[in-house]
Structures are given as C-alpha cells and as structure tokens.
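Nothing in this text is a laboratory measurement; each read-out follows from the coordinates by a stated rule. Here the structure is a predicted model, which is why all the values come from computation and not from measurement. FYI the Cβ positions are ideal-geometry reconstructions off the backbone, even for glycines, and counts take in every protein chain you see.
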Amino acid sequence: MGNRQLDNLVRIGQLKSEPPADMEIQGLLRSGLHRLDDAERQELSLESRFDLAYNAAHALALAALRFRGYRSESRYLVFQCLQHTVNLPVEHWRVLDQAHRKRNLAEYEGYMDVDEQLVAATLRVARQVAERVKELAGD
C-alpha cells in the first residue's frame, strides 16, 4: 500500500517500511480507544486527561501508519503522516502538533501548560483519527 510521500520518507530514513501486523494494529486501536474514553472522565485532573488524550491520539496515529506498512521512531512524524495515512486535513493534525509541543514541555521541562480547550480539541481530532482507522481496519 505504497504512498509516494511515505515512500519518500523511507528513502530519506525518516520512516521504515514494515509489513502491517494485524495484532499490533488491533492492540494500538484498542489502547487508543480506551485512553480516549478515560480522557473524557471529568473527575480526572486536566493534566491527566490531556496525557490520556495525547497518548490516545499517538496510538491511533501509529495504528494508521502501521496499517499502511510503515513505522516511525518519531512521535511528531507519526502525527504529520496522518494526512497521508487517513487523509486527515492539515488543520486537524496541527492540533496534534500543538499537543505534542505541550507534551514535550511537560515531559522534558516539567512545565504543564494545557487548558480545557486544548484537551477538547485533542479529543475531537483523536476521535476523528479513531473513526478513520476503524474504517481502514474494517471495524
């Protein structure tokens, strides 16, 4: 299931070509969906909900990439590839780009700067990715 843009990333060493593994894809999809459900639990702290939503989006984006026969070591690139793996509009994956930057600040500098609007936007985009991945996987 080659894609010219994704194949170009393989050629320059940004992605690896690897046959899809159904159990891995199903596991990533299941993990992403469970995390999305948990991220919507209002009794959790905003920071926990953000972490769950971000990691759900990553698992789902990685499932889409794996379905297409590619693998990446870069979280950011997994999100960037969404426009080629599930035809996600650029403005939608840019929400995940913003979430990724906020996640890195928290993870590497200890500065958590998220608000309800970012959590809601991350959840909304992650749900869109989930629906598109489920379509790919025939669920």
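So for the chain, averaging the separation of alpha carbon pairs under 8 Å that are six or more residues apart and normalising by length, what relative contact order in percent results?
Working: 181 pairs, mean separation 41.1, N = 139.
Dividing the mean separation by the residue count of the chain yields 30 percent.
Quote the Stokes-Einstein diffusion coefficient, in whole µm² s⁻¹, for region 4-137, based on the Kirkwood radius over alpha carbon pairs, a temperature of 10 °C and a viscosity of 1.306 mPa s. Mind dumping the intermediate values first?
Values: Rh = 14.8 Å.
For these conditions, the coefficient is 107 µm²/s.
Look at the dipole of region 91-139 built from charges on Cβ: of Y111, A137, T122, the Cα furthest out on the positive end belongs to A137.
Which whole DSSP H helices in the chain pass both tests: a Cα extent of 30 Å or more along the axis and a mean Kyte-Doolittle value no lower than -1.0? Long hydrophobic helices here: 46-67, 116-137.
Gaussian network model of the chain, Cα springs within a sub-10 Å range: biggest mean-square fluctuation belongs to which of L52, L88, L44? Residue with maximal mean-square fluctuation among L52, L88, L44: L44.
Under the rule of -39500 (n - 2.57) per DSSP H run of 4 or more residues, summed and divided by the residues of the chain, what mean residue ellipticity at 222 nm is obtained, to the nearest 500 deg cm²/dmol?
-23500 deg cm²/dmol
For the pair M112 and D37, a Förster radius of 22 Å applied to the C-beta separation gives a FRET efficiency near 0.50, rounded to the nearest 0.05.
The separation of region 10-29 from region 97-139, counted between C-alpha centres, amounts to 20 Å.
Taking Cα centre as origin and charging only the Cβ of basic (Lys, Arg, +1) and acidic (Asp, Glu, -1) residues, the dipole magnitude of the chain rounds to 540 debye.
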